Each structure stands twice: as C-alpha cells, then as structure tokens.
C-alpha cells in the first residue's frame with residue numbers, strides 16, 4: 001500500500017483529529033460518579049483477522065487458502081461488508097453489525113502490546129500490568145486507574161460510605177467488580193475490587209445464614225489483622241449491596257436473550273449490577289477458547305457467535321443505560337497471518353479491539369493499516385502493531401472517566417499525540 | 001571465600017559440573033541469595049520477614065554456594081521461626097485442608113471441593129506461571145474469597161459438602177450444657193489458636209440467641225453451628 005493510500009485510509013478511518021470517543025459530560029471533577037466501564041478480556045489470543053476480516057487484501061487469501069473468511073458475496077460463510085470496502089465482519093458476529101452501522105460500536109485493528117512475546121502468560125502480563133513490558137509491576141493498570149480517578153472524586157457514591165471515595169481503600173461500595181472466580185491481574189492492586197462468578201456466590205449461605213452472617217460480621221469487626229478485618233467489612237457490605245441486586249434482579253428486557261454460556265451469564269450479571277445502581281464503575285470479565293491452533297473455523301464460529309450474542313444482549317438489555325456505558329474488548333495478541341498445518345493459526349502479534357457504547361464514535365475500523373504483504377508484517381509473519389492497546393485505554397479513560405493524567409496508570413507511556421487529539 | 005571444590009549446590013559433582021559451577025560462580029549474584037532467602041523467610045516466617053533474618057539466610061546461601069539444606073537448617077533453628085506461629089494467613093488450600101483435618105473428615109475426591117478452592121481464589125493445579133501461587137496474604141484475603149471461606153466452614157460443619165464426611169457424634173457428642181462451658185474445649189479440639197475475647201463472646205452470644213429461639217432437638221445443632229463459626233473465625237484463618 002502506498003503512503004498516499006495510507007493517509008487516505010487514516011482519514012477514512014477517522015483517526016487523527018476526530019478521535020474515537022465523543023467527550024464525556026459526566027466528569028469526575030464535578031463529583032459525579034464515573035460512568036461505567038466494562039472490559040472483556042479475551043484470553044487465548046483472538047484471531048483479529050477472522051473477526052474483522054481484511055477482505056480487501058489479496059495477501060490475506062493467499063496466506064490462508066483454507067481458513068480465510070470469504071469476501072462479501074462469496075458464499076454463505078462470507079464476511080459481512082463494513083462500509084469503507086476494506087474490512088468485513090465475521091458472519092458469526094452478525095448481531096453486532098447493526099450496532100456498528102448505527103455508529104455505536106467500532107473496532108481498532110492491528111492493535112496490541114509492544115512486547116514482542118508470543119507467550120500467552122507474558123503477553124497477558126504486559127497487557128494487564130499496563131507497563132508495555134518495560135517494567136514488572138504487581139498491580140493491574142485498571143486498578144491504578146481506579147485510584148487515579150478517585151483523586152478527583154469528591155462525592156461519596158450512592159450506596160457507599162463517605163470515607164471510601166477519597167482513598168479507594170475500602171470495599172464499602174461495589175466500585176469495581178470482576179465477574180469471574182478470581183480477581184484478574186488487570187484489576188489487582190490497592191484499590192478495592194471484588195471478584196465473584198455469580199451474584200449468589202457473594203453471600204453467606206445455609207441454615208440460619210442471617211444469624212450466622214451477623215456473627216461473622218461481628219467476629220471480623222474485632223479481628224486483630226487489618227487485612228482480614230477490612231476484607232470482611234467489604235464482604236458484608238457487598239453482601240448487603242448485592243442483596244439489593246438480587247431482590248431487584250431484573251429479568252432481561254423484552255426480546256433480549258442471553259446465550260446460555262459462561263460469557264452470556266457473566267454479561268447478564270454485569271447488566272444486572274449496572275441496572276441495580278449499586279455504584280459499579282468498572283466491571284471486568286473474561287472469555288476463553290480463542291487459542292485456535294486447530295479447527296480454527298469451527299471454534300471461531302462457535303466462539304464468535306457466543307460472543308456476539310452475549311455482547312449484543314448486554315447492550316440491548318441495558319436499554320437507555322447503554323448510552324452511559326463504554327464496553328471494551330481486548331486480547332493479549334493476535335495470530336499468524338498464515339494458516340498452519342492443522343487447520344488453525346499460531347501465536348502472532350497484532351489483533352483487534354472492540355469499543356462500544358453511547359460515547360463511542362463507532363461505525364469505523366480505526367487502523368493504520370499497511371496491508372498484509374510479507375515485508376510489512378512483524379517478523380515477516382504477523383500482523384504488525386500500529387496502535388498500542390494503551391493508546392486505546394488512555395483514550396477511553398480520558399474521555400469516559402475524565403482522567404486527565406494517565407502517567408500513574410500507564411507508567412512511562414506517552415499516548416500517541418496523533419490519536420490523542422480527540 | 002573457600003569452598004569445597006568437589007561439591008556444588010550441596011552435591012558431589014563431576015568435572016563437567018565443576019566447569020559449570022565455575023561459570024556460575026563467576027556470575028554469582030548477591031541478589032539471588034537475597035531473593036531466595038526472602039522467599040523462604042516469607043514462606044515460613046512472615047509475609048514481611050525481618051530483614052535481619054533475610055540477611056542471615058542470604059549469607060548462609062552465599063557461603064554454602066546455594067546449599068539449601070544449610071539455609072533451611074538456619075531458618076528452622078532461628079528464633080524468628082520459633083515465634084512465627086499465627087503470623088501468616090492460610091492460603092485457601094491450607095485453610096481447606098486444615099479444616100478437613102481438624103474435624104477428621106474423610107474425602108472421596110469429588111470435584112465440588114476443587115470448585116470451593118477456585119471460589120476462594122486458588123484453583124487446583126492452575127497456579128499462574130511462572131511465579132506460582134502467591135505466598136502473601138494480600139493475594140488471598142479479599143471479600144469474595146472470605147465469603148467462600150465462611151460458606152465452606154458452615155457447609156463442612158453441617159456435613160453438607162459433597163464427598164466430604166466427618167463423624168459429628170464423635171467430634172461433638174460429648175459437648176453438653178451451655179455453649180460457654182464447652183466452646184473452649186471444642187476450639188482446642190479443632191486446633192483453633194486461642195480465641196480472642198471478642199470472638200469468644202460473639203459466638204457464645206449467638207449460640208445463646210439460637211438456643212432461645214428454637215430449642216435444639218437432636219442436641220447437636222448448637223455444636224454444629226459453633227463448629228462452623230470456629231472454622232470461619234479470624235483465628236482459624238491464621239497459620
């Protein structure tokens with residue numbers, strides 16, 4: 001692709017002065033609660049070239065004779081054309097197409113972490129620590145974002161205690177949750193965050209649960225150990241708050257059907273939490289099954305169907321509230337441009353992120369696409385990374401949360417000025 | 001510093017190994033000694049071990065060229081180790097195993113117990129590579145994990161965990177009279193470290209309220225409840 005084409009593409013894709021997100025009105029400085037941010041981590045390295053298909057590139061089809069998703073109009077499993085002519089959406093993602101066309105959902109292509117690793121663990125570590133691989137840190141960057149933003153948040157949250165907002169050290173509100181059994185690395189750190197797989201997990205169960213729960217609460221209030229004491233107080237506060245969610249437990253909006261899958265269940269619970277208005281500002285969850293070394297087409301057909309249904313149901317279920325939410329998906333790296341010998345692809349480099357919600361200037365595949373010719377590929381085999389994941393997150397945190405300074409959240413990272421003009 | 005040339009990492013070694021040893025020796029790094037000493041002290045003494053202990057262990061490590069048996073010998077003979085009881089919080093696995101052993105439970109290998117560990121944040125055989133399960137309490141002590149612990153304690157006491165069973169009658173059968181009379185005996189029996197006054201008072205008060213509202217019919221309702229509360233108490237979370 002010539003440089004002229006490239007500039008044209010940049011304009012077309014809306015990168016540059018336009019930015020990705022319309023500025024948010026609910027600013028943290030005014031004491032208003034931060035708008036909900038929902039992050040889905042796609043673990044296992046999702047093949048961005050199958051999700052958002054570069055059907056305009058011949059090199060894509062020559063590198064994947066059996067695996068490539070056909071260009072629009074070429075059979076039943078062809079990709080769905082996206083305006084612009086270069087990219088198409090995997091047919092299993094059809095439920096997301098309408099949102100894209102309405103401008104409520106967009107993609108960022110050839111995105112990733114700068115670390116040149118092809119290890120899932122290392123790449124997830126780099127992604128979740130937000131360090132770009134330059135230093136090792138124990139905490140996750142979204143946890144640091146909570147703390148940084150908390151500096152601007154003067155007012156207590158709806159159901160919380162006054163003291164928690166300033167320090168972020170108490171679990172008195174459900175500010176940040178992970179809907180999965182373990183707190184993921186991305187959310188680990190000094191700011192409190194809760195992890196649970198199901199709303200019902202966060203309660204003391206069994207006969208006489210109420211009485212016994214009260215007793216535990218008293219025992220732990222007197223515990224000598226500070227960490228135990230504060231976690232317990234977080235647990236019982238959360239139990240009380242989640243009790244409200246459980247009793248209100250809105251059933252999905254009319255016509256909304258979540259897939260009966262792990263991701264479907266998780267997205268539904270995030271929707272319930274947001275609808276119950278218990279102060280959730282950040283919800284993280286994850287999906288798996290993306291490590292498609294073999295039978296890629298079958299696996300992606302299932303995985304992308306499930307994902308599209310779950311995410312679409314989530315945004316539909318939120319109704320008007322979806323306007324307030326920003327939903328981001330991210331994976332640790334992409335996959336090789338060429339297919340392998342077992343009907344799959346191997347660990348690669350650049351992939352795709354999705355951004356959706358009310359403030360998102362969607363309807364575009366934001367990219368600095370240089371094509372898939374061998375000489376532009378990373379190490380002559382993988383989609384190069386032309387946009388750092390941290391640029392996307394920096395942008396989201398700035399626009400959605402009003403976080404002015406991301407230097408604590410993403411240490412040593414200078415957001416790309418070309419992308420930051422939004 | 002002199003060293004026994006026929007030994008390396010505490011073992012006799014061949015000439016090839018000796019060459020490797022010399023190479024390693026040349027790159028021997030004091031921070032390696034401190035790193036390993038810190039890990040061991042953290043494992044056995046405290047999440048934040050005394051610096052003096054770490055320095056001593058690192059010294060032993062360096063002087064013995066990495067002979068871990070000598071490092072362990074120093075560690076276990078140290079006054080810091082002797083004083084380390086109840087300094088650390090149990091990991092989920094330690095908590096579950098200690099509770100099962102405390103009540104003398106049998107376990108048939110059913111999966112639900114693995115699920116319990118996952119809810120507490122330590123899924124079996126799924127330590128995060130390459131650092132492994134974390135040794136410090138901050139990795140385990142969080143609201144979600146704690147609720148999972150409390151639920152486990154209550155279910156275990158009720159014998160309602162799939163695949164897990166203990167003889168309630170033999171553990172609890174002889175505890176008669178008012179809870180205040182037998183609570184300490186039960187606490188000793190299940191190896192809970194000495195109860196704090198506030199924990200003791202809270203449990204006794206709860207059991208008294210329970211006894212008022214519904215008189216126990218099979219005689220062990222209060223004892224089972226006491227057991228669940230003890231296993232879920234802050235004291236039982238300590239190593």
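Inspect all residues belonging to region A:334-350 and state whether any of them is in contact with a strand residue (DSSP E or B) (Cβ under 9 Å, 6 or more places away or on another chain), buried (at least 20 other Cβ atoms within 10 Å of the Cβ) and within 24 Å of residue A:277 (Cβ to Cβ).
No, every residue in region A:334-350 fails to be in contact with a strand residue (DSSP E or B) (Cβ under 9 Å, 6 or more places away or on another chain), buried (at least 20 other Cβ atoms within 10 Å of the Cβ) and within 24 Å of residue A:277 (Cβ to Cβ).
Of all residues in region B:161-218, how many are in contact with a helix residue (DSSP H, G or I) (Cβ under 9 Å, 6 or more places away or on another chain) and within 30 Å of residue B:110 (Cα to Cα)?
16
Among what's in region A:198-213 and is within 8 Å of chain B (Cβ to nearest Cβ) and touching a residue at least 40 places away in the same chain (Cβ under 8 Å), pick the residue that is farthest from residue B:227 (Cα to Cα).
Here the answer is A:202.
Could you name every one of the helices (runs of 4 or more DSSP H) located completely within region B:104-212 that has at least 3 residues being more than 21 Å from residue B:238 (Cβ to Cβ) and within 14 Å of chain A (Cβ to nearest Cβ)? Give the derivation first.
Values: elements: B:112-120, B:143-157, B:168-172, B:179-189.
By residue number, B:112-120.
Counting only residues that are closer than 23 Å to residue B:48 by Cβ and facing another protein chain (nearest Cβ under 8 Å), which one in region A:230-239 is surrounded by the fewest Cβ atoms within 10 Å (Cβ to Cβ)? Break it down into steps so the answer makes sense when it comes.
Taking region A:230-239 first, the residues closer than 23 Å to residue B:48 by Cβ are A:230-234.
Among the residues that remain, those that are also facing another protein chain (nearest Cβ under 8 Å) are: A:231-232, A:234.
Details: A:231: 26, A:232: 26, A:234: 24.
If we take residues in region A:230-239 being closer than 23 Å to residue B:48 by Cβ and facing another protein chain (nearest Cβ under 8 Å), then A:234 is surrounded by the fewest Cβ atoms within 10 Å (Cβ to Cβ).
Scan region B:92-103 residue by residue and report those that are within 27 Å of residue A:187 (Cα to Cα) and either in contact with a helix residue (DSSP H, G or I) (Cβ under 7 Å, 6 or more places away or on another chain) or within 13 Å of chain A (Cβ to nearest Cβ) (or both).
Selection gives B:92, B:93, B:95, B:96.
Please enumerate the residues belonging to region B:219-239 that are within 8 Å of chain A (Cβ to nearest Cβ) and not in a helix (DSSP H, G or I).
Selection gives B:232, B:233, B:234, B:238.
With the requirement that a residue be within 17 Å of residue B:133 (Cα to Cα), over 12 Å from the mean Cα position of the chain (by Cα) and free of Cβ contacts under 8 Å to residues at least 60 places away in the same chain, what does region B:30-47 give you?
Passing the criteria: B:35, B:36, B:38, B:40, B:41.
Just the residues that are within 16 Å of residue B:149 (Cβ to Cβ) and either facing chain B (nearest Cβ under 8 Å) or in contact with a strand residue (DSSP E or B) (Cβ under 8 Å, 6 or more places away or on another chain) (or both), please, taken from region A:214-228. First the steps, then the outcome.
Within region A:214-228, the first condition is being within 16 Å of residue B:149 (Cβ to Cβ), and the residues that meet it are A:215-217, A:219-220, A:223, A:225, A:227-228.
Scanning region A:214-228 gives A:215, A:216, A:219, A:220, A:223, A:225, A:227, A:228.
Is it true that residue A:288 is within 22 Å of the chain's Cα centre (by Cα) and modelled with pLDDT of 95 or more?
no
Each row is one residue, and each column tells you yes or no for (1) within 18 Å of the chain's Cα centre (by Cα); (2) at pLDDT 95 or above.
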residue: A:353; (1), (2): yes, yes
residue: A:357; (1), (2): yes, no
residue: A:365; (1), (2): yes, no
residue: A:369; (1), (2): no, no
residue: A:373; (1), (2): no, no
residue: A:386; (1), (2): no, no
residue: A:391; (1), (2): yes, no
residue: A:398; (1), (2): yes, no
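Filter region A:120-136 down to residues that are within 13 Å of chain B (Cβ to nearest Cβ) and in contact (Cβ under 8 Å) with a residue 12 or more places away in the chain and give me whichever is nearest to residue A:289 (Cα to Cα).
Restricting to residues being within 13 Å of chain B (Cβ to nearest Cβ) and in contact (Cβ under 8 Å) with a residue 12 or more places away in the chain, the top hit is A:120.
Check residue A:326 against each of (1) buried (at least 24 other Cβ atoms within 10 Å of the Cβ); (2) in contact with a helix residue (DSSP H, G or I) (Cβ under 6 Å, 6 or more places away or on another chain); (3) closer than 20 Å to residue A:100 by Cβ and name the one condition it does not meet.
Residue A:326 satisfies all of (1) buried (at least 24 other Cβ atoms within 10 Å of the Cβ); (2) in contact with a helix residue (DSSP H, G or I) (Cβ under 6 Å, 6 or more places away or on another chain); (3) closer than 20 Å to residue A:100 by Cβ except (1).
The values are calculated or read from the model by the stated rules, or taken from the named source; none is laboratory data. Just so you know, these numbers come straight off a predicted model, no measurement behind them. A quick note on method: Cβ atoms are made from the backbone with ideal geometry, for glycine too, and the neighbour counts reach across all protein chains shown.
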